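S.K.: What follows is a single structure, and I will ask about it in a moment.
The values are calculated or read from the model by the stated rules, or taken from the named source; none is laboratory data. Owing to the predicted nature of the structure, the values given are computational and were not obtained by experimental measurement. Ideal geometry is used to build each Cβ from the backbone, glycine not excepted, and the neighbour counts take in all protein chains shown.
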Amino acid sequence: MVCPHMATKPSGKKKVSATKLSAPPSQRFECRDCPARCCRLPWSIRFSGEEAQRYLSDPWVRERAGREGAQVIERGVLPMREKDRRLECVFLDEDMLCSLQKRFGHSYIPRACQAFPFGFIHDEENAVVAQLSRLCPSIRDNYGEPVDKQLKDKLRQKGEPERMSKAMATLKGMILSQPQYIRVARHWEEQLAAGASPAAVLARLYDWMYAFEGALPHGSERAADAAVQAALERAHASEVEPLSPRPSPSFHARVLFAYLLGNLCYPSRVRQAHRVEQAPARLQALRSFGNKAAWMLGRGTVDMLFVPRPFKLQRVRAVERFLSAEEGALVSEYLRLVVQRRNIFIQPRHLLAGVLDLSLATVVISRFARCRAAAEERTRVTPDDVREGIGVAELLLLSHANVSEQGRLMKNLRWLLLTNRERFRHVLATEA
Ligand code: SF4
């Protein structure tokens with residue numbers, strides 16, 4: 001087994017309280033020879049000021065990171081360099097093991113690395129729910145030992161669990177308390193479990209949310225429980241308009257693909273602020289612009305992360321859509337898990353943004369899976385394509401990406417889709 005940062009003995013001395021810990025039933029995990037995927041991704045691995053000071057005060061760490069790397073560490077991020085057209089942590093050795101871990105032990109490395117792929121959130125009943133990232137191949141493939149026995153150690157490594165927001169807002173600014181918005185979320189869970197295409201379910205949930213919010217009394221800042229109950233009943237009785245597939249991606253779907261999937265393509269994926277040994281900026285900026293243009297036009301060849309070889313974007317059209325077929329059930333099951341693990345409710349924001357997150361994830365999973373099939377000259381996706389697409393959604397949207405850190409373009413796009421039903425439906429219909 002090769003693991004960049006596997007614990008050899010329990011670490012840390014923090015006492016873990018006797019809180020109920022939960023994880024998806026039958027889930028397994030063991031770090032394996034993947035190799036070191038989590039150390040070689042286009043993301044910012046953050047750590048605390050205390051951790052940054054510890055690293056900066058060690059001469060060996062400073063020398064290994066170099067002058068540029070030390071400046072990145074000062075900002076609380078692990079520095080990365082480009083290798084084999086990917087970013088990788090400057091502390092990763094040739095043998096795909098973490099040099100910090102080998103030299104100083106597991107408890108020395110950033111908490112985020114110690115605990116990956118585990119995160120934790122207090123749910124509404126104050127149980128601590130494990131967030132297991134499907135970006136990790138072991139979680140994706142359910143490989144290894146039952147996670148139940150690992151939860152306490154991982155929680156100790158990770159530190160204080162995140163908390164759900166105490167309230168969420170409607171688009172008109174009414175505040176819904178946690179118990180109130182959880183009632184809404186339970187309806188989302190039920191709908192996603194009903195077995196229909198996830199695109200159709202999400203189009204319905206978007207309308208249902210508008211009906212629900214529209215049925216809440218106007219003029220008050222907070223909703224009474226009875227008013228929420230009445231609005232739920234009105235929303236259940238509202239009419240449903242079926243979603244018709246679009247023959248080609250809508251303009252806003254293209255923007256979404258260019259922004260998210262385009263950033264997984266080379267060289268866009270290595271253009272990160274925490275990268276050391278930067279390549280000539282103008283050349284890479286130009287090539288990165290070329291990536292985005294290719295996605296906007298749906299033409300040209302791209303080299304995308306987790307896709308085995310470069311492929312022509314035109315070929316994706318020949319790959320059948322699958323959200324209404326058997327493979328679509330994998331997406332629905334994943335979306336339901338996302339709602340249940342509650343991490344889309346950490347930031348106080350518009351409740352409808354949760355439905356939007358699930359919708360964008362669905363479209364991205366579908367497009368990614370079809371790209372992977374196109375690269376292998378297949379016309380049908382496999383369950384493996386879909387599972388890898390789910391990992392991409394974790395990375396870009398639902399687990400590791402921080403919405404508050406997304407650029408202005410993505411923020412504007414999200415707001416537009418939250419407030420414009422037709423454009424929202426066109427994006428979903430692109431993969432329906
Ligand atoms: S991605 Fe998962 S299996 Fe791979 S090195 Fe990281 S924790 Fe281990």
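S.K.: Looking at the range 282-298, I want the residues that are more than 14 Å from residue 260 (Cβ to Cβ) and touching a residue at least 40 places away in the same chain (Cβ under 8 Å) and have a partner that is aliphatic (A, V, I, L, M) and in a helix (DSSP H, G or I) with Cβ atoms under 7 Å, at least 6 apart or on another chain. Which pairs are those?
M.R.: 298/313
S.K.: Moving to a separate point now. Looking only at the range 221-243, which residues are in a loop (DSSP other than H, G, I, E, B) and either modelled with pLDDT of 95 or more or within 16 Å of residue 181 (Cβ to Cβ) (or both)?
M.R.: Once the filter is applied, which keeps residues that are in a loop (DSSP other than H, G, I, E, B) and either modelled with pLDDT of 95 or more or within 16 Å of residue 181 (Cβ to Cβ) (or both), the range 221-243 yields 221, 223, 224, 237, 243.
S.K.: Looking only at residues that are surrounded by fewer than 18 Cβ atoms within 10 Å (Cβ to Cβ) and under 31 Å from the mean Cα position of the chain (by Cα) in the range 67-80, which one is farthest from residue 109 (Cα to Cα)?
M.R.: Per the criteria, the residue is 68.
S.K.: Do you know which residues across the range 120-141 are farther than 22 Å from residue 97 by Cα and either out of contact with any Gly (no Cβ under 8 Å at 6 or more places or on another chain) or within 12 Å of the ligand (Cβ to nearest atom) (or both)?
M.R.: Answer for the range 120-141, where residues must be farther than 22 Å from residue 97 by Cα and either out of contact with any Gly (no Cβ under 8 Å at 6 or more places or on another chain) or within 12 Å of the ligand (Cβ to nearest atom) (or both): 120, 121, 122, 123, 124, 125, 126, 127, 128, 129.
S.K.: Let me ask something additional. Out of the range 190-210, which residues are acidic (Asp, Glu) and crowded, with 16+ Cβ neighbours inside 10 Å?
M.R.: Residue satisfying the conditions is 207 alone.
S.K.: Now a separate question. Somewhere in the range 274-286, is a residue under 25 Å from the mean Cα position of the chain (by Cα) and crowded, with 20+ Cβ neighbours inside 10 Å?
M.R.: For the range 274-286, residues under 25 Å from the mean Cα position of the chain (by Cα) and crowded, with 20+ Cβ neighbours inside 10 Å: present.
S.K.: Restricting attention to the range 42-51, which residues are closer than 16 Å to residue 107 by Cβ and either without any contact (Cβ under 8 Å) to a residue 24 or more places away in the chain or of a type in the set (A, V, I, L, M) (or both)?
M.R.: The answer is 50, and nothing else.
S.K.: Among the candidates 329, 374, 401, single out the residue that is over 25 Å from residue 190 (Cα atoms) and surrounded by fewer than 22 Cβ atoms within 10 Å (Cβ to Cβ).
M.R.: 401
S.K.: Same structure again: Collect the residues in the range 211-228 that are surrounded by fewer than 16 Cβ atoms within 10 Å (Cβ to Cβ) and on the phi < 0 side of the Ramachandran plot, keeping them in residue-number order.
M.R.: 214, 217, 218, 220, 221, 222, 224, 225, 226
S.K.: Anything in the range 103-115 that is touching a Lys or Arg at 6+ places or on another chain (Cβ under 9 Å) and either within 16 Å of the ligand (Cβ to nearest atom) or not assigned by TED's automatic domain parsing to the domain that holds residue 27 (or both)? List them, or say none.
M.R.: Residues satisfying the conditions are 106, 110, 111, 112, 114, 115.
One line per residue, one yes/no per condition, for (1) closer than 24 Å to residue 342 by Cα; (2) touching a residue at least 60 places away in the same chain (Cβ under 8 Å):
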{"position": "390", "(1), (2)": "yes, yes"}
{"position": "398", "(1), (2)": "yes, yes"}
{"position": "415", "(1), (2)": "yes, no"}
{"position": "430", "(1), (2)": "no, yes"}
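S.K.: Taking residue 199, is it of a type in the set (Gly, Ala, Ser), touching a Leu at 6+ places or on another chain (Cβ under 9 Å), over 19 Å from residue 239 (Cβ atoms) and assigned to a helix (DSSP H, G or I)?
M.R.: For residue 199, the condition - of a type in the set (Gly, Ala, Ser), touching a Leu at 6+ places or on another chain (Cβ under 9 Å), over 19 Å from residue 239 (Cβ atoms) and assigned to a helix (DSSP H, G or I) - is not met.
S.K.: Determine whether the range 9-28 contains at least one residue that is at pLDDT 95 or above, surrounded by fewer than 20 Cβ atoms within 10 Å (Cβ to Cβ) and under 30 Å from residue 281 (Cα atoms).
M.R.: No, there is no match, as no residue in the range 9-28 is at pLDDT 95 or above, surrounded by fewer than 20 Cβ atoms within 10 Å (Cβ to Cβ) and under 30 Å from residue 281 (Cα atoms).
S.K.: Still on this structure: Take the residues of the range 34-57 that are more than 20 Å from residue 395 (Cα to Cα) and in a loop (DSSP other than H, G, I, E, B): which is farthest from the ligand (Cβ to nearest atom)? Spell out the reasoning first.
M.R.: Pass one, the range 34-57, residues more than 20 Å from residue 395 (Cα to Cα): 48-57.
Still in the running and in a loop (DSSP other than H, G, I, E, B): 48, 57.
Details: 48: 21, 57: 27 Å.
My answer is 57.
S.K.: Here's a follow-up. One residue is enough: does the range 174-185 have a residue meeting the conditions assigned to a loop (DSSP other than H, G, I, E, B), free of Cβ contacts under 8 Å to residues at least 60 places away in the same chain and closer than 25 Å to residue 350 by Cα?
M.R.: Keep residues of the range 174-185 that are assigned to a loop (DSSP other than H, G, I, E, B), which gives 174.
Checking which are free of Cβ contacts under 8 Å to residues at least 60 places away in the same chain leaves us with 174.
Then drop every residue that is not closer than 25 Å to residue 350 by Cα, which leaves 174.
Yes, because at least one residue in the range 174-185 is assigned to a loop (DSSP other than H, G, I, E, B), free of Cβ contacts under 8 Å to residues at least 60 places away in the same chain and closer than 25 Å to residue 350 by Cα.
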